[in-house]
Each structure stands twice: as structure tokens, then as C-alpha cells.
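Scroll down for the structure; my scribbles are underneath it.
Each value in this text was obtained by applying a stated rule to the coordinates, not by laboratory testing. Quick caveat: nothing in here was measured; it's all calculated off a predicted structure. Neighbour counts are summed over all protein chains in view; Cβ atoms, including those assigned to glycine, are modelled from backbone coordinates with ideal geometry.
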């Protein structure tokens, strides 16, 4: 009993500081408050249950994000959101061609525009940008959380950012679609 | 190397993931190429804007409590039913034996919270609330250098309702710490940072949310430091500031 208690306490100490950030990501993924709460709740339940399989000293944050993400992917919203993205990794080597100068256009994009753009991105693009720029995870951590190689992290991130810049650019030039 | 090749690397560079040698080469190129350097500036601004825009959703305090409660070890073990049958007698005996011990555990926590509340109130009542007055974290943080046996990071407040007022040195149980003052609307929040110690840990085990004389108090540990927030501001503000402080540690 005492050991279980210690375990539970250790879990709480590791997991509760991530509660806010995990929730934020959950709502970005599900786009709905109550779905986000369900997702976070299920994540914590699964993580607590599987905490024995977590190896002390390895990256807890990446571990629990991975649980959240797998839980999301197998949920109803998650399956729908990712159904059309199977061929996404096919063009890994596609060079990031330089677009027209973006500096001026981007400077005019406001807070709302960034939120709208994030919302419109496909879920795999949205999540990798959030992990990198909001959670400030290293590429290695992202690779662990998403269970993909680092090379894929880099190519996917480049593609996601390019898509985001293009969205913002479209809006800035008034070409609303 | 053409600019196209460099532009691909700008994001990796801004993510601090470009190998050192390449990073130096890129820096040299940015120095000479205005097109690439304005591109780099735009992208770093975009990264910062996404950082701010991405922190869009906060869990409700009610949901936080629900999750917190779900992590408490279960007490509805079948053995308990059996224990109940064995008799209230045993429980009573246990209470008599353990009661004073449990009470004694409560005392340090009470004393600690009283002391911190006093520090907070004293600050509010003082004509000189802080010794270093600045809303610039790059002024406040260095001020503590050499005054404390540890260092800490100040949170990112851009785009938030919080404002840094300043800071001063403070003491709790003879050990020095930092008191930082933040303002949100008309409320003032004191953030105390001390080196974590087994005594503090024991006194505060599992005490995440506390109330004392109707102040909201929250405490947690990170990187060997013990943090407290004490304020009359609401729980949402406390949660928000806490999240920012926690993020600053990582």
C-alpha cells in the first residue's frame, strides 16, 4: 500500500505541473472544451495506470504527451481529423521553395490571425507547431512524443510552417478563401 | 551557398537545433545579406507570435480539482468494509494514538502559511513595497544575483494581464528567498521563492491549494525551488501566473 501511495505521489508531482499545457493542447486538438476535458481526463487515467511502465530518468513530458496524442488519435474526433493525411510523409524530400518576401505581410498579421491560422491547419501540422513553438520542446522530445524519427519532425515542421505562412499571407493580401 | 539553402535553415536555427558550426556560418551570412536577415527577423517574430497565440486555452479550476481528486489514492478498498465490521473500537484506538501525531503534522503547515501571509500583508502595507522597482524582468532578475544562494527565471508576461512590479529579499525560517510582486487589474500577487528543503516538503506535502484568512495560496516545487503565490486575486489568475512561472523553469 505504502509503495502505491509513493508511486501515486510521484506521479502527481510529475503530472500536475503539465496539467495546464496538456489541457491547452487537448483543446487545440479537439477544438471543444468538453472533448478536451474528456481527453485530458482519459490521458491522466491511462498515464497513472501505466506509470509502472514509465522509466524513471527518461522524459516524462514526452511520455505523457504521447499518451494524450494516442488517446486523441483513437477518439472519434481524432480519427476524423487524421483520415485524409495518410500520404503526408510521401514528399519528405520536397524542397522548401522560397516564397515571396514574407516579412512585411507577416508583420501585419495579428494575434487573432495566428489563432485562426492554427485552427485551420490540419491537425498534424497544428500539433507539431504547438509542440515546438508553444511547448518549446526540442526536436528529440517532439520525436518521442509523436513517435516519429527526428528527420520527419524536421520535414513535417517545415511543411507545417510553410502552410501557416501561406495562410497568413493569403489573408494579409486580402485573398480570403 | 545560395540564399534558398540558407532560408531553409533559418527555422532550424531559430529552434536552436542547428549544429554550432552551421549556426555560425548562418549568422555570418545573415550579417551580410539583408534579404535573409529580414526573413529571419520575420520568422522569429512569427515564432514568438505563435508562442503567445498558442497559449489560448486554460482548464477551469473546477476541472483541475476533479483531476487532482482522481489522482488521490483510492480509499474504497474492500478491506475497509471488513475493517469497519471489526469495529469502531479499533478506529477509535487508532485515532487516540495517531491523532496527536496528525495534529502535529498540521502545525508546521499552519505556522508556515501564517508567516507567509504576514510577509505578504507587510509588503502590501509598506510604503516601499519592493527594493527593486521595475517591470523589466531583465532588471529584476540580475538584482537578486549575489543576494541569494540560487537563481530562478521570471515568467513571460507579454500578452498577459500581469505586470511585474518589482522584487525584494525576504526570509522564511532564517533562509533567504525572493519575493516578487505582480499586479493584475487591482490585485497584487506575491510570489515567494525559496530553496526547497525537507522541512518545507514535509509541511506542505499534498497541500496544493490553500486558503488562509481568505487569501488564495498555492505552492509547488520545481528544480529544487519551492514557489508560493499568495494573493487576494481569484483562482484563475493564480493558475495563470503559476502556469507562466512553471513554463519559465522549463
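Tabulated data
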item	result
Test item: A:128-136 mean partner chain Cβ contacts at 10 Å	5
Test item: B:13-20 mean partner chain Cβ contacts at 10 Å	3
Residue-averaged [θ]222 nm for chain B, counting only DSSP H segments that reach four residues, each worth -39500 (n - 2.57)	-17500 deg cm²/dmol
Order of B:187, B:29 - criterion: other Cβ atoms within 10 Å of each residue's Cβ, fewest first	B:187, B:29
Kirkwood-Stokes translational diffusion coefficient of region B:105-249, alpha-carbon pairs, 4 °C, 1.567 mPa s, µm²/s	85
Paired Rg and Dmax values of region A:1-81, which use every Cα atom, in angstrom	13.1, 43
Equivalent ellipsoid semi-axes - Cα gyration tensor, chain B, angstrom	45, 25, 17
Using alpha-carbon coordinates, inclination of helix B:61-71 to the longest axis of chain B, degrees	60
Gaussian network model of chain B, springs between alpha carbon atoms under 10 Å - residue of B:43, B:65, B:129 with greatest fluctuation	B:43
Cα-only Debye scattering, region B:3-54: base-10 log of I(q)/I(0) at q = 0.16, 0.19, 0.23, 0.26 Å⁻¹	-0.44, -0.60, -0.83, -1.00
Neighbour-count order for B:175, B:34, fewest beta carbons within 10 angstrom listed first	B:34, B:175
Folded to 0 to 90 degrees: helix B:34-54 orientation relative to chain B principal axis, Cα	20
Test item: B:56-63 mean partner chain Cβ contacts at 10 Å	6
Gain in span if fully extended, residue A:119 to residue A:4, counting 0.36 nm per residue against the direct Cα distance	37.3 nm
Degrees, to the nearest 10: B:3-14 long Cα axis against longest axis of chain B	20
FRET efficiency estimate (nearest 0.05) - Cβ-Cβ, residue B:145 to residue B:3, R0 45 angstrom	0.60
